[in-house]
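Engineer: Before I ask anything, let me first share the structure, which is written out below as structure tokens.
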Amino acid sequence: MHDTTIIAATGKGGVGKTSICAAMVRLLAESYPKARILAIDADPAVGLAAGLGVEAESTLDDIRKRIVASVEQGEPKEAVELLGEARFQIFDTMVEEEGFSFLAIGRPESAGCYCKVNAYLKEVISLLAKDFDYVVIDGEAGIEQINRRVMEQVTHLVLVTDPSRKGVQVVKTIEQVAKELVMYKQCGAIVNRVTDASMLELVDLRPIEMLSSIPADQEHVSNEVRGLSVFELSGDAALLKGVRAALERWEIL
């Protein structure tokens with residue numbers, strides 16, 4: 001059976017997990033030019049596309065709505081047949097870039113619950129995993145996708161925090177829930193946006209393993225302001241160094 005490495009990042013909102021996911025995709029693409037790599041933007045804030053410099057014309061939620069509409073308008077089909085059709089539509093929806101493919105979950109038109117599209121995303125992860133060597137998922141902030149078992153089949157769970165007590169508490173809460181609901185092989189934390197190395201002495205992640213820490217990266221901030229992607233960062237940027245250290249700790253790189 002084909003083993004796919006599925007890396008998902010989650011944590012409190014605003015701690016930089018989207019940038020970390022984009023950096024992971026770049027590092028994987030550079031390290032494994034022949035590998036099949038899929039980046040999934042599963043965060044309704046929709047930031048991974050910009051981080052990777054791609055534009056998605058269609059999303060997973062668009063597919064879900066088309067399938068629901070076709071069932072409502074005609075004869076209901078078997079779930080297996082619908083998923084088979086969806087698989088082809090999903091591949092049509094993917095943005096193909098040099099070195100990786102990209103898929104966005106999208107933003108449902110109605111405000112509030114993302115239950116339906118999250119349930120669909122869970123099936124999609126299962127459906128697509130065997131077609132790729134590496135899948136990087138930028139998960140939504142907080143615990144919702146963990147609670148709903150969307151990330152059930154993730155092999156590597158990355159908990160992203162800043163040095164703040166609130167950020168650390170959020171990842172500890174996610175880790176506690178994930179232990180019961182996610183079949184991960186490895187789980188660890190990246191401490192991002194560290195403005196002073198002495199801050200790390202105050203960050204108590206136990207029992208979570210700290211994979212790496214990333215100092216505040218002025219080059220990355222400047223690039224984001226100018227609308228540049230992670231591929232336009234210099235190779236020795238702090239963001240890339242920190243993410244590389246985390247992936248090397250897990251022997252993914």
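Engineer: Per residue, how many Å² of accessible area does the chain show with a 1.4 Å probe?
Structural biologist: 49 Å²
Engineer: Could I ask something else about it? Within straight cross-link reach of K130, meaning Cα distance under 13 Å, which aspartates and glutamates are found once same-chain residues fewer than 8 apart are removed?
Structural biologist: Candidates past the 8-residue exclusion: D3.
Engineer: Which whole-angstrom value gives the distance between the alpha carbon centres of the stretch 217-246 and the stretch 1-28?
Structural biologist: 15 Å
Engineer: Follow-up question, since we're still on this one. Kirkwood hydrodynamic radius (Cα pairs, Å) of the chain?
Structural biologist: On the way: mean 1/r = 0.0539 Å⁻¹.
About 18.5 Å, per the Kirkwood formula over Cα pairs.
Engineer: Under the rule of -39500 (n - 2.57) per DSSP H run of 4 or more residues, summed and divided by the residues of the chain, what mean residue ellipticity at 222 nm is obtained, to the nearest 500 deg cm²/dmol?
Structural biologist: Helices in the chain give a 222 nm mean residue ellipticity of -12500 deg cm²/dmol.
Engineer: Got a number for the accessible area of M210? Probe 1.4 Å, square angstrom, nearest 10.
Structural biologist: Answer for M210: close to 80 Å² accessible.
Engineer: Note down the accessible area of Y184, probe 1.4 Å, to the nearest 10 Å².
Structural biologist: 60 Å²
Engineer: Considering only protein heavy atoms and a probe of 1.4 Å, how much of the accessible area of the stretch 95-253 is carbon and sulfur, as a whole percent?
Structural biologist: 48 percent
Engineer: Quick check: the angle from helix 115-128's long axis to the longest principal axis of the chain, C-alpha only, nearest 10 degrees?
Structural biologist: Taking the Cα atoms of the chain, the angle to 115-128 is about 90 degrees.
Engineer: Follow-up question, since we're still on this one. Could you please put R249, R87, R148 in sequence from largest to smallest accessible area, using a 1.4 Å probe?
Structural biologist: R249, R148, R87
Engineer: Can you tell me the orientation of helix 79-93 relative to the chain, as the angle in degrees between its alpha-carbon axis and the longest Cα principal axis, to the nearest 10?
Structural biologist: Helix 79-93 sits roughly 60 degrees off the main axis of the chain.
Engineer: With springs only between Cα atoms under 10 Å, which of D92, D133, D62 fluctuates most in a Gaussian network model of the chain?
Structural biologist: Answer for the Gaussian network model of the chain: D92.
Engineer: In straight Cα distance, which lysines are under 24 Å from K17, not counting same-chain residues fewer than 8 positions off?
Structural biologist: K116, K122, K166, K172, K179, K185, K241
Engineer: In degrees from 0 to 90, rounded to the nearest 10, what is the angle of the helix 60-73 Cα long axis to the longest principal axis of the chain?
Structural biologist: The answer is roughly 20 degrees.
The values are calculated or read from the model by the stated rules, or taken from the named source; none is laboratory data. The model shown is predicted, which means the values in this text are computed figures rather than measured ones. Surface areas here come from the heavy atoms of the whole protein model, side chains and all, with no ligands, DNA or RNA. Shrake-Rupley method; radii C 1.70, N 1.55, O 1.52, S 1.80 Å.
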